Amino acid sequence: MSTMAAGLAEFVVIANRLPVDRFIAPDGTVTWRTSPGGLVTALEPVMRRKGGAWIGWHGAPDEKLKPFEHDGLHLVPVPLSAQEVEEYYEGFSNGTLWPLYHDVIAPPEFHREWWDSYVQVNQRFAEKAARVARRGAVVWVQDYQLQLVPTMLRELRPDLRIGFFLHIPFPPRELFQQLPWRRQILEGLTGADLVGFQLPGAAQNFVRLVRERVGHKTHRGLIYLPDGRSVKASAYPISIDAHGFEQLARTPGVDARAKEIRESLGSPKHVLLGIDRLDYTKGLRQRLRAFGEIIRDGSIDVDDSVFVQVATPSRERVDQYRLLRDDIDRLVGRINGDVGRIGQQPITYLHASYPREEMAALYRAADVMVVTPLRDGMNLVAKEYVACRYDDNGALVLSEFAGAAAELRQAYRVNPYDINGMKAALLEAITADPRENSRRMKAMRKHVVDHDIDHWATAFLDDLTAPSEPHDKKMRPPGGS
Ligand code: F6P
């Protein structure tokens with residue numbers, strides 16, 4: 001169903017990135033590639049179903065492009081200059097907010113010129129949406145790169161229904177308060193009618209910060225603004241197109257490729273798999289060390305076991321990501337050098353991104369999926385693995401610091417900071433009775449199938465478009481604030 005009329009959309013998604021990146025090869029050839037990250041995986045099927053416009057950056061600097069159709073989606077590019085890519089995207093979004101919102105695993109940097117650029121780019125996104133949205137349209141703003149857009153857009157277009165969803169964790173108050181522009185961020189978000197988070201704790205955290213830092217009255221998940229509006233904050237754990245992944249996993253091509261992958265690894269007894277953006281939040285170092293140690297200790301045999309680690313290139317010009325790449329290169333080399341044998345490399349490391357078919361084949365080929373982030377908003381790779389295990393086999397080792405741990409309760413849970421604990425969990429998953437793994441996988445698959453991406457989008461959009469309570473009642477919350 002299309003929601004575009006007279007060039008204006010009644011449903012608009014705004015995200016930092018479009019679902020495709022414009023890639024210009026050294027010889028000048030232009031191609032479009034799927035953008036990295038879970039946000040695109042999750043939102044693409046929603047947009048296919050609902051129609052409407054997707055506003056975002058097309059991934060190349062200093063280029064102004066006209067709106068265009070791509071693979072059935074209506075895409076509206078927002079240009080970024082090379083300086084904005086450096087200051088708004090690599091700087092404030094990924095050098096300040098990303099580490100701050102992920103437990104300061106890397107130290108966040110605070111630079112006033114990065115902030116100025118963030119404000120300027122957020123304003124541009126808001127203005128674009130104001131021009132694209134039809135009267136009374138629903139506009140859904142995505143993620144940490146665009147937290148000022150809700151209020152900026154409301155000022156331009158008070159007729160719109162505005163939602164915001166944060167895909168990454170919302171930090172504890174103690175960390176959030178380090179941000180010199182904390183109040184502006186909170187005020188930016190309260191321009192939305194509904195602010196969604198991955199977990200209930202994040203929503204509570206946000207409401208409390210708004211009460212303490214901005215001074216608005218609140219009651220449970222509601223914030224009461226002096227202009228009579230109310231803002232709801234709640235949790236909507238994001239998911240995947242579970243049916244689509246399962247269908248893909250069932251195709252003969254994927255099945256054949258999965259077999260081929262195992263054979264080219266030397267047909268080992270145990271194939272372990274990690275698939276992540278190459279990001280310091282993902283706990284790659286800890287998991288590879290744990291795997292190397294269980295081989296070194298003799299708990300498993302290097303002839304029997306292979307760890308395939310796919311690390312998708314990400315934010316390659318940001319210093320912390322460059323350092324991480326070197327670090328992982330060295331670690332993989334060291335482990336393979338220490339515990340490998342001729343013709344037997346315990347870790348197969350691939351620094352590349354692959355199409356969905358290849359990912360599904362990898363999921364099918366893996367006996368144990370290892371997802372060990374130090375902090376993660378959700379982690380959709382964990383859900384994709386579960387969706388692809390249609391015969392209820394395979395095991396998932398999952399960090400308790402991934403949002404997905406709240407739902408995938410039958411996974412082998414680990415604290416990724418505890419290397420010994422992680423070694424024990426890897427061994428447990430590898431050596432478990434297949435019936436035990438099957439029992440766990442069945443329960444997790446049921447959850448992922450019942451709580452798929454449609455379930456997520458419907459829950460959020462139904463709440464966003466539900467009529468608000470009468471204003472008077474809301475200004476006097478029971479029991480004060
Ligand atoms: O899911 C978090 C997220 O930052 C998304 O907003 C983003 O699309 C994805 O990861 C990939 O990151 P980037 O757009 O910086 O490559």
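Checked across the range 332-348, the condition of being under 30 Å from Gly91 (Cβ atoms) and not β-branched (Val, Ile, Thr) holds for no residue. The residues in the range 305-343 that are at positive phi and either open to solvent by 60 Å² or more (accessible area, probe 1.4 Å) or without any contact (Cβ under 8 Å) to a residue 40 or more places away in the chain (or both) can be counted, and the count is 1. For the criterion of being free of Cβ contacts under 8 Å to residues at least 24 places away in the same chain, outside the structural domain of Ala405 (by TED's automatic domain parsing) and more than 16 Å from the ligand (Cβ to nearest atom), Asp227 passes. Given the criteria at pLDDT 95 or above, away from the ligand (no atom under 14 Å from the Cβ) and aromatic (Phe, Trp, Tyr), does Phe92 qualify? No.
Just so you know, in the range 224-233 the residues that are more than 12 Å from Ser468 (Cβ to Cβ) and at pLDDT 95 or above include one that is most open to solvent (accessible area, probe 1.4 Å), and it is Pro226. Of everything in the range 48-75 that is under 26 Å from Glu316 (Cβ atoms) and of a type in the set (A, V, I, L, M), the residue that is farthest from the ligand (Cβ to nearest atom) is Leu65.
So which of Leu148, Leu156, Leu80 is open to solvent by less than 40 Å² (accessible area, probe 1.4 Å), over 22 Å from Arg33 (Cβ atoms), touching a residue at least 24 places away in the same chain (Cβ under 8 Å) and of a type in the set (A, V, I, L, M)?
Leu148
Taken over the range 11-47, the criterion of being more than 10 Å from the ligand (Cβ to nearest atom), open to solvent by 30 Å² or more (accessible area, probe 1.4 Å) and touching a strand residue (DSSP E or B) at 6+ places or on another chain (Cβ under 7 Å) is satisfied by Arg22, Phe23, Ile24, Val30, Thr31, Trp32, Arg33, Thr34.
Condition first: assigned to a loop (DSSP other than H, G, I, E, B) and open to solvent by less than 30 Å² (accessible area, probe 1.4 Å). Now tell me which residues in the range 172-181 satisfy that.
Leu179, Trp181
Of all residues in the range 415-444, which are free of Cβ contacts under 8 Å to residues at least 40 places away in the same chain, under 19 Å from Tyr390 (Cα atoms) and under 25 Å from the mean Cα position of the chain (by Cα)? Residue satisfying the conditions is Ala443 alone.
In the set Pro237, Pro252, only one residue is within 16 Å of the ligand (Cβ to nearest atom) and out of contact with any Pro (no Cβ under 7 Å at 6 or more places or on another chain); that residue is Pro237. For the range 284-317, the set of residues classified as within 16 Å of the ligand (Cβ to nearest atom) and in contact with a Pro (Cβ under 7 Å, 6 or more places away or on another chain) consists of Thr312, Ser314, listed by residue number. Applying a threshold of 6 Å to beta carbon distances and a minimum spacing of six or more residues, or different chains, the list of pairs starting in the range 9-26 at a residue that is assigned by TED's automatic domain parsing to the domain that holds Tyr89 and within 25 Å of Gly136 (Cβ to Cβ) and ending at one that is open to solvent by less than 30 Å² (accessible area, probe 1.4 Å) and of a type in the set (Lys, Arg) is empty. Only a single criterion out of (1) within 16 Å of the ligand (Cβ to nearest atom); (2) closer than 25 Å to Met378 by Cα; (3) part of a helix (DSSP H, G or I) is not satisfied by Pro169, namely (3).
From the list Val30, Val78, the one residue that fits, being at pLDDT below 95, assigned by TED's automatic domain parsing to the domain that holds Arg134 and farther than 29 Å from His455 by Cα, is Val30.
Identify all residues within the range 289-299 that are buried (at least 20 other Cβ atoms within 10 Å of the Cβ) and either in a loop (DSSP other than H, G, I, E, B) or in contact with a Phe, Trp or Tyr (Cβ under 7 Å, 6 or more places away or on another chain) (or both); write none if there are none. Within the range 289-299, just Phe291 meets the criteria.
The values are calculated or read from the model by the stated rules, or taken from the named source; none is laboratory data. What you are looking at is a predicted structure, and each value in this text was computed from that prediction instead of being measured. Cβ coordinates were reconstructed from backbone atoms using ideal geometry, including for glycine residues, and neighbour counts include every protein chain displayed. The area values use the complete protein model at the heavy-atom level, side chains included, leaving out ligands, DNA and RNA. Shrake-Rupley method; radii C 1.70, N 1.55, O 1.52, S 1.80 Å.
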